[in-house]
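Throughout, read-outs are computed from the coordinates displayed, never taken from laboratory work. These numbers were taken from a predicted model, which means no experiment stands behind them. Cβ placement follows ideal geometry from the backbone for every residue including glycine, while neighbour counts extend to all protein chains displayed.
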Amino acid sequence: MAQIEFLLTGDAPGRTTVLLAHGAGAAMDTAFMSGIAGALAAQGLRVARFEFAYMAARRTGGSKRPPPKVELLCAEYLAAVEALACEGPLIIGGKSMGGRVASLVADSLHGEGRIAGLVCLGYPFHPTGKPEKLRTAHLADLRTPTLICQGTRDPFGTQAEVGTYALSPAITLGWFEDGDHDLSPRKGVTGLTQTDHLNRAAAEIARWSSQL
């Protein structure tokens, strides 16, 4: 497995670290990922971003391949946890697919005392347009303290849809009014911007993590 490179934001000794993986089609330095990393750092958290191998390969002229099987992504996420130097508590998570992969490895890491919690930014509860294909089976029994930040109109799981799912009591849902999969509200609907939602998400993550 290739060496994992981390993009660190708010790197300071002893801080709680939030390890974030990217979504299926966008790299670790997109506007969304950079925005949430900066907002979390402003809340006193240390953020480490990394890329799965298929995404990192695009930077060196590799083909624009889709993500590999989730089992391989889980192995890569575990390798990232292993490779990351971390003094304080560790929270794992990610954007969309990255959060889903983190959720699949969270209980084993939490059971070993290696992580304090899990954060998902726009969890892909189902593929867009396919609400019957749920990705929630493991979420019913999840034991790791979890915070999911979700837009109320996220096409991968709206507030109305998610309200019908059987989710573990370990999961806390933070809803962002009129937010889409990137937590962006429509212009003029709420009077808020994506930046407002990202700043609020960071504040909620910081408050939640301080109680773990």
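Laid out as a table, the results:
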quantity: Relative contact order computed over region 69-212 (Cα-Cα under 8 Å; 6+ residues apart), in percent; calculated: 18 percent
quantity: Cα-projected label distance for Ala31 with Ala12, points at 7 Å along beta-carbon direction, nm; calculated: 2.8 nm
quantity: ³J(HN,Hα), Karplus 6.51/-1.76/1.60, whole Hz, each residue of region 200-212, x for Gly, Pro; calculated: 5, 4, 4, 5, 5, 4, 5, 5, 5, 5, 5, 9, 6
quantity: Derived scalar couplings ³J(HN,Hα) [region 72-84; Karplus, 6.51 cos²θ - 1.76 cosθ + 1.60; whole Hz; x for Gly, Pro]; calculated: 5, 5, 4, 5, 5, 5, 4, 5, 5, 4, 5, 7, 7
quantity: Semi-axes of the equivalent ellipsoid for region 7-54, Cα gyration tensor, largest first, Å; calculated: 20, 11, 7
quantity: Order of Tyr165, Tyr77, Tyr54 - criterion: other Cβ atoms within 10 Å of each residue's Cβ, fewest first; calculated: Tyr165, Tyr54, Tyr77
quantity: Residues whose placed amide H lies under 5 Å from that of Gly117, excluding near-sequence neighbours; calculated: Ile92
quantity: Packing-based exposure ordering (other Cβ within 10 Å, fewest first) of Arg58, Arg186; calculated: Arg186, Arg58
quantity: ³J(HN,Hα), Karplus 6.51/-1.76/1.60, whole Hz, each residue of region 18-26, x for Gly, Pro; calculated: 10, 8, 10, 9, 8, x, 5, x, 9
quantity: Residue order, fewest to most surrounding Cβ atoms within 10 angstrom, among Trp175, Trp208; calculated: Trp175, Trp208
quantity: Spacing of the two label points (7 Å from each Cα toward its C-beta) at Gln3 and Thr158, in nm; calculated: 4.8 nm
quantity: Two-decimal Rg to Rh for region 94-192 - Kirkwood Rh, Cα set; calculated: 0.99
quantity: Alpha-carbon spread of the chain, three principal axes, descending order, Å; calculated: 43, 37, 34
quantity: FRET efficiency, 1/(1 + (r/R0)^6) with R0 35 Å, evaluated for Lys64 and Gln211 via beta carbons; calculated: 0.30
quantity: Theoretical FRET efficiency, 1/(1+(r/R0)^6), r = Cβ-Cβ of Asp196 and Glu71, R0 30 Å, to 0.05; calculated: 0.20
quantity: Label-point gap, in nm, between Ala79 and His138 - each point 7 angstrom along Cα→Cβ; calculated: 1.8 nm
